[in-house]
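What follows is one structure encoded as structure tokens, with my remarks underneath.
Read-outs throughout are calculated quantities, based only on the coordinates presented, and are distinct from any laboratory measurement. Given the structure is predicted, the values throughout are model-derived calculations rather than measurements. Glycine also receives a Cβ, built like all others from the backbone with ideal geometry; neighbour counts cover every protein chain displayed.
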Amino acid sequence: MDSALEVAPADYWRYYLIANAPESADSTSPGNNSPAPSTRDLADVLGNFVNRVTKFCVTRFDGKVPGEGEYGDEGEKP
């Protein structure tokens, strides 16, 4: 574990292990042992999320991100 922490911080390893679980094969590591987020995670998943939020703001709020509003009965500030 100490040698893994020399490569990357613990949070990167946590992400890597969760993103690749459950294993579908034996516990052999792939050629690339990097715990950094993959291109799929950054480009596809994050890009899709940003695209959906942008389209939602364009559709519902005339292309502007709304400011802070008042809390309703169900969303009262604790």
Scalar couplings 3J(HN,Hα) for the range 49-54 by Karplus 6.51 cos²θ - 1.76 cosθ + 1.60 (θ = phi - 60°), nearest whole Hz, x for Gly and Pro, are 4, 4, 4, 5, 5, 4
Neighbours of A8 by Cβ distance under 13 Å: Lys/Arg at +1, Asp/Glu at -1, summed charge -2
A chain fully extended from V65 to A8 at 0.36 nm per residue, minus the present Cα-Cα distance, gains in nm 17.0 nm
Length gained, D44-N20, 0.36 nm per residue minus C-alpha separation, equals 7.0 nm
In whole Hz, the Karplus estimates of ³J(HN,Hα) for the range 55-63 (6.51, -1.76, 1.60; θ = phi - 60°; x where Gly or Pro) are 5, 4, 5, 5, 5, 8, 10, 6, x
